[in-house]
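Peer 1: Mind having a look at this structure? Questions to follow.
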Amino acid sequence: MTTQHPHETQQPHNTQRPHGTEQPHGAQPPRSTDAGRSTAVDTIERELTAFARRARATAARLHPDLPLVSYTLLAHIHDQQGCRATDLATHYMLDKSTVSRQLTTLEKLGLVERRPDPADQRVQVLHPTAAGAATLTATHASRHAAYQERLADWSEDDLTRFASYLLRYNNSRT
């Protein structure tokens, strides 16, 4: 075990900092403790769970027949200008049966249709229908307005920092 002297500081494992969070010149990074890190991770876990619950409840209010997972899949299909069910399962790390159930719901609601892939007629490509695109547009506008309202008193720096942390978190695949 290494003894650390009071004037020495541990270097953080990842020294990259999101834009706008640079240390002032000559400032030392805060010391990390196992207890402090554990408390922070517990808080993050609790708050992300609350965030997910709130997102599901908001999605249910905006479109009662369209669960959050279905909305997310529909948005991805739209953004990709069509994709296969296996692409969705891989991208969202979902079981194929989960994706299949959600797609069945989207098809029954008339929001998604399957078309043969022009390059390989054996492959079915999912596309949003006109109703699916309209639902996405309306739902996105409502969700965006809700986020704008909830974050209205946040500074632009806070929003930028929060966005960068979410991107960093969501881009880590471990």
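Peer 1: In whole percent, how big is the carbon plus sulfur part of the accessible area of the range 129-174, probe 1.4 Å, protein atoms only?
Peer 2: Numbers: 2040 of 3600 Å².
Ligands and nucleic acids excluded, carbon and sulfur give 57 percent.
Peer 1: Note down the nm distance, to one decimal, between modelled labels 7 Å out along Cα→Cβ at Asp158 and at Ser142.
Peer 2: For the pair Asp158/Ser142, the computed spacing is 2.7 nm.
Peer 1: Taking amide H positions as placed in the peptide plane 1.01 Å from N, state which residues far from Val125 in sequence (5 or more) or on other chains have amide H under 5 Å from it.
Peer 2: When sequence neighbours closer than 5 places are left aside, the close amide H contacts are Arg115, Asp117.
Peer 1: Would you please give the FRET efficiency between Asp65 and Thr43, computed as 1/(1 + (r/R0)^6) with r the Cβ-Cβ distance and R0 = 30 Å, to the nearest 0.05? Could you put the intermediate results ahead of the total?
Peer 2: Details: r = 34 Å, r/R0 = 1.15.
Taking R0 as 30 Å, the efficiency between Asp65 and Thr43 is 0.30.
Peer 1: For Ala55 and Leu94 in one chain, what is 0.36 nm times their gap in residues minus the Cα-Cα distance, to one decimal in nm? Write out the running numbers ahead of the final one.
Peer 2: On the way: separation 39, 0.36 × 39 = 14.04 nm, distance 1.84 nm.
My answer for the length gained is 12.2 nm.
Peer 1: Follow-up question, since we're still on this one. Using the Karplus curve 6.51 cos²θ - 1.76 cosθ + 1.60 with θ = phi - 60°, work out ³J(HN,Hα) for each residue of the range 68-76 in order, rounded to whole Hz, and write x for Gly and Pro.
Peer 2: Running phi through 6.51 cos²θ - 1.76 cosθ + 1.60 with θ = phi - 60° gives 4, 4, 5, 4, 4, 5, 4, 4, 5 Hz.
Peer 1: Now, a different point. Can you tell me how much longer the chain between Asn171 and Gln81 gets when fully stretched, taken as 0.36 nm per residue apart minus their C-alpha distance, in nm with one decimal? List each step's numbers first, then the result.
Peer 2: Working: separation 90, 0.36 × 90 = 32.40 nm, distance 2.21 nm.
Fully extending the segment from Asn171 to Gln81 adds 30.2 nm.
Peer 1: How much accessible area per residue does the range 29-138 have, counting only protein heavy atoms and a probe of 1.4 Å, in square angstrom?
Peer 2: Numbers: 7010 Å² over 110 residues.
Accessible area per residue, the range 29-138: 64 Å².
The values are calculated or read from the model by the stated rules, or taken from the named source; none is laboratory data. Treat the numbers as computed from the prediction; the structure is a model and nothing was measured. All Cβ positions, even for glycine, are placed from backbone atoms using ideal geometry, and neighbour counts span all protein chains on display. Side chains are part of the model used for accessible areas, which takes the heavy atoms of the whole protein and leaves out ligands, DNA and RNA. Shrake-Rupley method; radii C 1.70, N 1.55, O 1.52, S 1.80 Å.
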